[in-house]
Amino acid sequence: MKKYHTVLTIAGSDSGGGAGIQADIKTISALGCYASSAITAITVQNTLGVEDVHAVPVPIVEGQIKAVLNDIGADAVKIGMLQSAEIVRCIASELRRYSIRNVVLDPVMVSTSGHRLIEESAIDALCKELIPLARVITPNIPEAELLLGGVTLDKQQQLPEAASLLAKKFGVSVLLKAGHLTEERLVDYFYDVEKDEMSQLPSVRIHTRNTHGTGCTMSSAFASMLARGKSLKEAAAGAKDYINNAIIAGADYEIGHGHGPVCHFY
């Protein structure tokens with residue numbers, strides 16, 4: 001009997017289809033895994049931005065996670081948008097209950113359009129209760145600045161030390177994404193805390209407005225690679241390769257009037 005590589009995504013829903021749960025399911029499926037989901041919030045969203053957010057009640061989030069893990073299980077879990085401290089604590093409790101090792105957490109805090117997606121109290125709960133349970137976190141530069149206590153990261157050469165500091169602060173491996181910098185040649189840095197090893201993941205900036213959901217997509221790709229049995233270093237490189245090619249493949253499409261999605265099924 002064949003078995004799927006299974007990935008559970010715990011995140012918010014994007015009505016526009018380019019990010020969140022929708023991007024996660026597309027990515028997980030494109031990479032040959034079986035996607036299940038627990039929806040934490042429903043966003044009113046399109047390519048122009050987020051207009052509103054409705055939090056799913058905590059018992060319903062908890063119920064979704066239990067329903068999936070009691071029946072299907074998960075070789076890896078990807079965690080995205082978590083709006084409240086109550087949701088954060090709920091998910092932390094369930095991760096401890098089921099002892100999931102391959103947890104990839106994308107610390108989603110602010111949308112590309114600048115809409116705050118997480119309550120202030122949830123950031124503290126995220127740092128104290130959930131990030132230490134993850135195997136990998138995948139912050140962008142604004143998120144890394146916030147997690148490091150308000151430092152400013154505006155130069156490529158600052159990123160290796162920032163990734164290392166985050167890893168040591170939380171005891172997790174860190175994929176720090178460089179996309180918010182202005183350089184044409186960008187280098188993401190992956191610090192493997194389990195091997196005390198830093199890797200560079202270089203790419204050239206792709207000039208396109210279709211970058212909606214890149215963070216969700218990359219973290220889901222990372223989780224999918226881990227679910228398939230890849231090492232941390234292999235999973236980081238594979239996730240970077242996937243998102244880079246997805247951006248290239250989707251660069252010339254036109255959908256909506258704002259920031260379109262990447263091409264997940266290239």
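Using a basic spin-label model with each label point 7 Å from the Cα along Cα→Cβ, how many nm lie between Val44 and Arg185?
About 4.6 nm, to one decimal.
When the Debye formula is applied to the Cα atoms of region 54-172, each taken as the same point scatterer, what base-10 log of I(q)/I(0) results at q = 0.17, 0.20 Å⁻¹?
-0.87, -1.15
Counting DSSP beta bridges with both partners in the chain, what percentage is antiparallel, nearest 5?
Beta bridges within the chain, antiparallel portion: roughly 45 percent.
Could you work out how far the C-alpha centroid of region 183-210 sits from that of region 5-23, in angstrom?
23 Å
Under a 5 Å amide H to amide H cut-off, with H placed in plane at 1.01 Å, what residues pair with Ile79 once short-range neighbours are removed?
Distant-sequence amide H within range of Ile79: Ile10, Val104, Leu105, Asp106.
Principal axes first, then extents: for the Cα atoms of the chain, list largest minus smallest coordinate on each axis, whole Å, largest first.
Rounded to whole Å, the extents work out to 46, 44, 42 Å.
Run through the DSSP bridge list for region 60-203 and note the antiparallel percent, rounded to the nearest 5.
Just about 60 percent of them are antiparallel.
Roughly speaking, to the nearest percent, how much of region 1-62's 1.4 Å accessible area is carbon and sulfur?
Here it works out to 59 percent.
So how long is each side of region 112-177 along the principal axes, counting just the alpha-carbon atoms, biggest first, in Å?
Dimensions of region 112-177 along the principal axes of its Cα atoms: 31, 29, 17 Å.
At 1.4 Å probe radius, can you tell me the per residue accessible area of the chain in Å²?
44 Å²
Which Rg and Dmax, in Å, describe the Cα atoms of region 54-107?
Spelled out, the Cα radius of gyration and Dmax of region 54-107 are 10.7, 30 Å.
Just need the relative contact order of the chain here, percent rounded to a whole number, with Cα pairs under 8 Å and 6+ apart.
Contact order relative to length: 20 percent.
Could you calculate the contour length gain from Ala67 to Gln156, that is, 0.36 nm times the residue separation minus the distance between their Cα atoms, to one decimal place in nm?
Value of the extension gain: 27.7 nm.
Which entries of Lys26/Lys169; Lys66/Lys128; Lys66/Lys177; Lys3/Lys128 have Cα-Cα distances beyond 30 Å here?
Beyond 30 Å: Lys26/Lys169; Lys66/Lys177; Lys3/Lys128.
At a 1.4 Å probe radius, carbon and sulfur cover how many percent of the accessible area of region 163-266?
Whole-percent figure for carbon plus sulfur exposure: 51.
Starting from the Cα of Ile248, step 7 Å along the direction of its Cβ; do the same at Phe265; then give the gap between the two resulting points in nm.
2.1 nm
Provide, for q = 0.09, 0.19 Å⁻¹, the log10 of I(q)/I(0) from a solvent-free Debye sum over equal Cα point scatterers in region 109-266.
Once normalised to I(0) and log-transformed, intensities are -0.28, -1.32.
What residue among Asn102, Asn46, Asn70 shows peak mean-square fluctuation when the chain is described by a Gaussian network model with Cα springs under 10 Å?
Sorting by GNM fluctuation, first place goes to Asn70.
Calculate the dipole size of the chain relative to its Cα centre from +1 charges on Lys and Arg beta carbons and -1 charges on Asp and Glu beta carbons; express the result in debye to the nearest 20.
For the chain, the charge dipole is close to 760 debye.
Each residue of region 173-181 in order: what ³J(HN,Hα) in whole Hz does its phi give by Karplus 6.51 cos²θ - 1.76 cosθ + 1.60, θ = phi - 60°, with x for Gly and Pro?
6, 10, 9, 9, 8, 9, x, 7, 6
The values are calculated or read from the model by the stated rules, or taken from the named source; none is laboratory data. Here the structure is a predicted model, which means the values were calculated and not measured. In this analysis, Cβ positions are derived from the backbone assuming ideal geometry, glycine residues included, and neighbour counts consider all displayed protein chains. Only protein heavy atoms, including side chains, enter the accessible area calculation; ligands, DNA and RNA are left aside. Shrake-Rupley method; radii C 1.70, N 1.55, O 1.52, S 1.80 Å.
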